[in-house]
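Below: one structure, written as structure tokens.
The values are calculated or read from the model by the stated rules, or taken from the named source; none is laboratory data. Fair warning: this is a prediction, and the values are worked out from it, not measured in the lab. Here the Cβ positions follow ideal geometry from the backbone for every residue, glycine too, while neighbour counts run over all protein chains shown. We work out accessible area using only protein heavy atoms, side chains counted, and drop any ligands, DNA or RNA first. Shrake-Rupley method; radii C 1.70, N 1.55, O 1.52, S 1.80 Å.
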Amino acid sequence: MERCIYLDHGATTRVDDRVLNKMLPYFSMNYGNPSSMYFLGRRNKRAIEEARNDVACNIGAKQKEIYFTSCGSESDNLALKGMVYANQYKGKHIITSKIEHPAILNTCKALEKQGFNITYLNVDNKGFINLDELENSIRVDTILISIMYANNEIGTIEPIEKIAKIAKANNVYFHTDAVQAIGNVTIDVKRMGIDLLSMSAHKFYGPKGVGALYVREGIDFERLQDGGHQEKGKRSGTENVAGIIGLAEAIKYSYKELEYNNKKIISLRNYFIDKLMQLNKNIKVNGDREKRLPGNINISFPNMDGQQLLLKLDEYGICASAGSACSTGESTPSHVLTSIGLSKEEAYGTLRFTLGKENTKNEIDFVVKVLENWLNKS
Ligand SMILES: *Cc1c(COP(=O)(O)O)cnc(C)c1O
């Protein structure tokens, strides 16, 4: 196998072997359409419902509150558009933050063109929204608050329970894009008061091309796709059976092994940060040290071109990311980094390493050595 040190788990993850094995029969033996009434179909329908139950149990939801989609982006679209279309008679105001993923920000932009009003909340220098600003932004015509659970670039975990409380006290629905958080931190939608939540399998060692949306029982939302009756008519199209089985299997393992993996990943992360700080005292770690995703390291190197540094790392088979994977190739600095107050120059000198359960101390030592050589040369 080619030499590869994968430190980009925020972009995607390798499918866990156990997950893959569970999925394989659904491409070959179990190929029935879940809507077919004969055993080949019925069996797959049952498998999907078991998967739905597994997903629900792992986030404190009920089976019927889970809708399968094609990805995190679709879940975000369905949550935002589905909710505001169904509630627009009450008002047309939505509150979100400036540091959301493009799946949320661009959906909001599309909604603005359709006549909805959006408030984009500021964040402080660590990426936290201000709860007073949130409360003051709520108007009589506010119908939805959407704040991400954890940021994909800097790893900051937002005060979700407090946001949910404010939303509830003001009779406003609360959606959270938890695509980065699911599988990495424990989440209980009922206890935390979350109304809608998006997830995507490929961010927690499941397959690409499958996601889910949790919608609290009793909340109605509009479908965005017309067709058959699948997913209670809310998301038409023959189910991605193998993908759904994979998503459920991946979420089960993620939470079963969460404590073990996080302990290992956090100690590796802190080791990496300490080593980097020893290289150069002016290196800046972005985000919060405590309230952050276990595997996320976002660092600004002084007077450094992050793109060049990434190419250098690539020569050694090291996979990392500059800012957000989604903004790679664009010449504008990351909206997240500028929102936390970084200058353009600082933003361009910023790299994101996201560690996963398979990374080792040897790999980190090697990366540090490559960075050390490069930093000493330039
Ligand atoms: C990856 C990601 C998405 C998009 O998920 P896809 O399954 O790739 O469409 C949305 N939000 C956040 C925070 C993400 O990290």
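Can you spot a residue in region 115-122 that is in contact with a Phe, Trp or Tyr (Cβ under 7 Å, 6 or more places away or on another chain) and more than 16 Å from the ligand (Cβ to nearest atom)?
No, that holds for no residue.
Give region 176-192 a look and list any residue that's over 20 Å from Tyr260 (Cα atoms) and either outside the structural domain of Ile59 (by TED's automatic domain parsing) or open to solvent by 30 Å² or more (accessible area, probe 1.4 Å) (or both), or say none.
Lys190, Arg191
Can you pull out the residues in region 78-100 that are within 14 Å of the ligand (Cβ to nearest atom) and either out of contact with any helix residue (DSSP H, G or I) (no Cβ under 7 Å at 6 or more places or on another chain) or of a type in the set (Ser, Thr, Tyr) (or both)?
Hits for region 78-100 are Leu78, Ala79, Thr96, Ser97, Glu100.
Considering only region 93-154, give the strands (runs of 3 or more DSSP E) lying wholly within it that have at least 2 residues that are hydrophobic (A, V, I, L, M, F, W, C) and surrounded by 21 or more Cβ atoms within 10 Å (Cβ to Cβ). Even if it seems obvious, please write down each step before you answer.
Numbers: elements: 93-97, 117-121, 142-146.
Correct list: 93-97, 142-146.
Could you tell me whether any residue of region 273-287 is closer than 20 Å to Gly155 by Cα, touching a Ser or Thr at 6+ places or on another chain (Cβ under 6 Å) and open to solvent by 50 Å² or more (accessible area, probe 1.4 Å)?
Filtering region 273-287 down to residues closer than 20 Å to Gly155 by Cα leaves 273-277, 283-287.
Of the ones still in play, those that are also touching a Ser or Thr at 6+ places or on another chain (Cβ under 6 Å) are 284, 287.
Filter once more, so that each one left must be open to solvent by 50 Å² or more (accessible area, probe 1.4 Å): 284.
Within region 273-287 (the criterion being closer than 20 Å to Gly155 by Cα, touching a Ser or Thr at 6+ places or on another chain (Cβ under 6 Å) and open to solvent by 50 Å² or more (accessible area, probe 1.4 Å)), the answer is yes, since at least one residue qualifies.
With (1) part of a loop (DSSP other than H, G, I, E, B); (2) in contact with a strand residue (DSSP E or B) (Cβ under 9 Å, 6 or more places away or on another chain); (3) open to solvent by less than 20 Å² (accessible area, probe 1.4 Å) as the list, and Lys208 as the residue in question, which single condition is left unmet?
It fails just one condition, (3).
Could you go through region 167-175 and let me know if any residue there is assigned to a helix (DSSP H, G or I), in contact with a Phe, Trp or Tyr (Cβ under 8 Å, 6 or more places away or on another chain) and more than 16 Å from the ligand (Cβ to nearest atom). Explain how you work it out, then say what you get.
Applying the first criterion (assigned to a helix (DSSP H, G or I)) to region 167-175 yields 167-169.
The next check asks that each one be in contact with a Phe, Trp or Tyr (Cβ under 8 Å, 6 or more places away or on another chain); those that pass are 167-168.
Checking which are more than 16 Å from the ligand (Cβ to nearest atom) leaves us with 167-168.
Yes, because at least one residue in region 167-175 is assigned to a helix (DSSP H, G or I), in contact with a Phe, Trp or Tyr (Cβ under 8 Å, 6 or more places away or on another chain) and more than 16 Å from the ligand (Cβ to nearest atom).
Can you pull out every residue in region 14-60 that is more than 30 Å from the chain's Cα centre (by Cα) and not in a loop (DSSP other than H, G, I, E, B)?
Within region 14-60, Phe39, Leu40, Gly41, Arg42, Arg43 qualify.
Of the residues that sit in region 61-77 and are in a helix (DSSP H, G or I), within 12 Å of the ligand (Cβ to nearest atom) and out of contact with any helix residue (DSSP H, G or I) (no Cβ under 7 Å at 6 or more places or on another chain), which one is most open to solvent (accessible area, probe 1.4 Å)?
Glu74
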